[in-house]
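All remarks here apply to the structure that follows.
Bear in mind these aren't lab numbers, they're just calculated from the coordinates by the rules spelled out. What you are looking at is a predicted structure, and each value in this text was computed from that prediction instead of being measured. When we count neighbours, we look across all protein chains shown, and the Cβ atoms used for this are built from the backbone with ideal geometry, even at glycine.
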Amino acid sequence: MRIVTWNVNSIVPRLPRVLDFLEQTAPDVLCLQELKSPTEKFPFAEVEALGYEVAAYGLGRWNGVGIVSRVGLSDVVRGLPGEPRFDGAAEARAIGATCGGVRVWSVYVPNGREPDNPHYAYKLEWLEALRSLVSSELSSSGPFAVLGDFNVAPTDADVWDIAVFAESTHVTKPERDALARLRDLGLSDVFPRPLKYDHPFTYWDYRAGNFPNNKGMRIDLVYGNAAFSGAVTDSYVDRNARKGKGPSDHAPIVVDLDL
DNA sequence: ATGTCGGCCTCGGGCCGA
């Protein structure tokens, strides 16, 4: 089985690339983040024409997540139980489904903005809701994974220059501790291989030539339980999908499993 | 370079979010 996670930075302008990716890379399951589109505006017909089922969850112009599968799509859950709201509004940042016997969650963790911004406290609360969800879902021992844009770089090596992030979110101890608590539940970081350079960054800001200079971050992650991680045969960041005209600012992570 | 994208409101360009 091949499972992919990809923050596409808006599904509508990215659709040609997503369709091409589905044909070329042929994932069985594709977890999407940052649809930037309400559910009803998802391009269902174009994706379904390639033989996939779609579960999308979008509540407006921001956020939005989805799961695309050609190996079944059942027991869909939209949102995390007990998730916090931001500024009084619900946001579409998590969707779960069972695909080909694997329980999969596609997540788009809040950015946090700055450490003193209310969005940062919201981010930590959201990660705690994710921890509760994972804790409850791990009572079953089948293959399970949370994949997506975590907006946290787990270690200093996961940013191109830690000095640049001295006053920033994505690298603070509370954020990293939240990831550690997820791992403590029995998940492990399925660490992908890079296709180029020595570190598998997954995100490069559009500005200032960050991508050609490889000024990237590893903030898209695959956290799997033992049944999932033990079945992994390969994992890589498809940085080729970040190249050319009209890319997302994130690259997909491709995970192959003996499942 | 405060550097680039994308959505939205609204039809030119500003604002917000990342």
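Structure above, values below:
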item: A:Glu46 versus A:Arg193: modelled label distance in nm, points set 7 Å from Cα along the beta carbon direction; result: 3.3 nm
item: Cα-based convex hull, segment A:1-107, per residue volume (Å³, whole number); result: 86 Å³
item: Nearest-0.05 FRET efficiency for A:Thr25 and A:Lys173, computed from C-beta distance (R0 35 Å); result: 0.45
item: Dipole magnitude (debye, nearest 20) for segment A:1-52, charges at Cβ of Lys, Arg, Asp, Glu; result: 180 debye
item: Restricting segment A:191-259 to chymotrypsin sites (Phe, Trp or Tyr not before Pro) in coil, as DSSP defines it, with at most 12 other Cβ within 10 Å; result: A:Tyr197, A:Tyr206
item: Share of Cα-Cα pairs in segment A:150-259 lying beyond 22 Å, as whole percent; result: 35 percent
item: Estimated distance in nm for a label pair at A:Asp156 and A:Asp184, the labels positioned 7 Å out from Cα along Cα-to-Cβ; result: 2.3 nm
item: 5 Å binning of all Cα-Cα separations within segment A:85-240, expressed as whole percents from 0 upward; result: 2, 8, 18, 21, 20, 16, 10, 4, 1, 0
item: Rounded Å value of the spacing that divides the Cα centres of segment A:30-62 and segment A:150-167; result: 30 Å
item: Chain A - charge dipole about Cα centre, Lys and Arg +1 at Cβ, Asp and Glu -1, debye rounded to 20; result: 400 debye
